[in-house]
Structures are given as structure tokens and as C-alpha cells.
Amino acid sequence: MSIASYAIIAIILFFLILAGIRKIYLCYALLLANFIIFLITTFYPPALEELAFNSSYLGSYKIYTIFTAMFLHLNFLHIILNMIGLVFIGLPFEYEIGSKKFAVIYFISGFFASIAFALVEKGYAVGASGAIFGLLGAFAFMEPFKKVVVPLFMPFIIFLRLPVLYVAIFYASIETIFAFTPYSTDAIAHSAHLGGFVAGVFLAVIMKKGVKAEEKRKEKIDLEALEKMISTEKQREILERIKNEEHEEIREAWISYLLQQIKCPKCGGNLEFNGKIVCKKCGYRK
């Protein structure tokens, strides 16, 4: 492998680690990484072939190219169209579900997009589109009527706000038609798009079940008991935030913060939160 290819892998890892330590949203990290890598492959094209995925790589040590290929693009139009999709679909979706779930959907969808390509086509595959189609499928399943901005390319660009479900149905229909059209010569990996889309929907089904289980667990927290422990107006404001917060991680952080200011009603000890309100001193639980 060339120095350029090693540099590309280092760039991918750097931006993923940067997003992982919560300096920036993963979507922003992906955008930056993709554009920087595109510049490298523009000036050193051999790196494109070295890190692209080929259907013959299944079962070989080069299987890692399933991952690296998600960051490679053939030309300016290719990367621009994919990054537009990442901005208008990926960003609002990451805001909705958080970076961890977003990462799971993005990379697993991209993986299965390449697998779908390898099963029905031969040759090389590059691009983030399979992963982005996974985001679209998951978004449409989890928040079907959430409106997203969609650019419509004509002689000029029109921006429309449409429910993500309608956008997903439109693109999935087009990809299905092309994927099952024999002797298609447009050089677009429609099978990868469709594979990514289906993977995204399946992941969304699994995650939605997890959300429902989390909601049931959330309901078990005795907020009435917590309210009885409150003694100041500031604590009451925090409790209202807890009641209204939709994101579980933020909600639990607020509960932990509130418990730092409240003492156990039974023994006066410090309270902690681990899914339940607990006093380690006397064993009080709510």
C-alpha cells in the first residue's frame, strides 16, 4: 500500500476518534474526512484502487476495504451528491437519535450495502451512498413524518420540505427499478443503495424496540417520590426538565445532577442514580 493510502486510513481514524470524544458531530466528521480524502485521491488516483472494495475481496484479507470504500469517491459530482444527502438526511437524523445510534446505522448499512453489491455485481465499489441510503431507510421508519429539506435539481435548484417517508419511498422505488433492470449501464451501484436502505430499516426496527423498552424502564422511575424530596425552586425547575426531556442520556444526567442536591428522606445520606434512585447508606430505593 502507498503512503497516500496509509494517510487516508489515518484521516478516517482521526475524524472518527474526534467525533467519538464528542468534539464534533459524527456527520461533520464524515463530511470533513470525505472531502479531504477526495483531494488526496484526486492528486494520487492509485490510492482509490488500493482502498476501494471489490466483490472478489469477500473472504480475503482485503475485506477491510468495505470500510475504507465508504470514504472514497470517483469524481466531484459523486462526492457532492453524496455529501448533499449526508447534510440533508444525515444531520437532522443525528440530531434526532444521537451520534452513537447514527454511527451504528451508518456503518452497518454501509457494510451490508457492499455485501449486496458483491452478491449481484462484479468489480469495484466506492462511495458513501449505501450508508446514506441506510440512514434514509432508518429515518423514514423511526420518524416517518419528520420533514426534511430536499434539493430538487432542475435548470436551477429548488429546495422542498417533505416528510422523510415520502423521500424514502421515492428513492427506494427508483433504486428498486434500476436494481432489477437487466443490463443497466449507468455505472451506479443500485444494488448497494438498496442493500443499505434495507439494512437501515432493519436496524431501525431493532432500535425502536430498544427505545420502547427504555421508555418502560423510564416509567419505573418514581418522579412523585422525587418531587416530595424537593425543597427549592431551582430543584423544581430541574425536575421539570427531567419530566420533559426526551433523550434518555440527558434525562439521566439531569436526575444525577438533581440527586447531588437532595438527601435521602430516610437517613439523610447521599443519593445516586443507576436506573433507580438509591441510597447506598441505608438501601433506600425508588
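What follows is calculated from the coordinates using simple rules that are stated; it is not laboratory data. Computed from a predicted structure; not experimentally measured. No Cβ is skipped: glycine too gets one built from the backbone with ideal geometry, and neighbour counts run over all protein chains shown.
What the table shows:
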{"quantity": "Violating pairs (Cα-Cα greater than 27 angstrom) within the set Lys101/Lys276; Lys101/Lys147; Lys101/Lys122", "calculated": "Lys101/Lys122"}
{"quantity": "Any cysteine of the chain lacking a neighbouring Cys Cβ under 4.7 Å - listed by number", "calculated": "Cys27"}
{"quantity": "Cα long-axis angle, helix 190-219 against the chain (0 to 90 degrees, to the nearest 10)", "calculated": "0 degrees"}
{"quantity": "Nearest 10 degrees, 0 to 90: helix 26-43 Cα axis against the chain principal axis", "calculated": "20 degrees"}
{"quantity": "Highest average packing first - 257-266, 93-102, Cβ atoms within 10 Å", "calculated": "93-102, 257-266"}
{"quantity": "Crossing angle, helix 233-244 versus the chain [Cα axis fit, 0-90 degrees, rounded to tens]", "calculated": "40 degrees"}
{"quantity": "Per-residue Cβ neighbour rank within 10 angstrom, fewest leading, Glu175, Glu233", "calculated": "Glu233, Glu175"}
{"quantity": "Length-normalised contact order of the chain in % [C-alpha pairs under 8 Å, at least 6 apart]", "calculated": "14 percent"}
{"quantity": "Kirkwood Rh (inverse of mean 1/r, distinct Cα pairs), region 1-111, angstrom", "calculated": "14.5 Å"}
{"quantity": "Computed label-point distance, nm, for sites Lys228 and Phe14 using a 7 Å Cα→Cβ extension", "calculated": "5.7 nm"}
{"quantity": "Gaussian network model of the chain, Cα within-10 Å springs - most flexible of Leu18, Leu203, Leu239", "calculated": "Leu239"}
{"quantity": "Of Met142, Thr41, Ala52, farthest towards positive along the dipole that unit charges on Lys, Arg, Asp, Glu beta carbons give the chain", "calculated": "Met142"}
{"quantity": "Debye-sum result for the chain in log10 I(q)/I(0), which assumes one identical scatterer on each alpha carbon, at q = 0.10 Å⁻¹", "calculated": "-0.64"}
{"quantity": "Within the chain: Cβ-based charge dipole about Cα centre, in debye rounded to nearest 20 (Lys, Arg +1; Asp, Glu -1)", "calculated": "1280 debye"}
{"quantity": "Zone of Leu58's modelled label, taken as backbone nitrogen in region 105-123 under 12 Å from a point 7 Å along Cα→Cβ", "calculated": "112-123"}
{"quantity": "With eigenvalues of the C-alpha gyration tensor scaled by 5 and rooted, region 220-279, Å", "calculated": "17, 13, 10"}
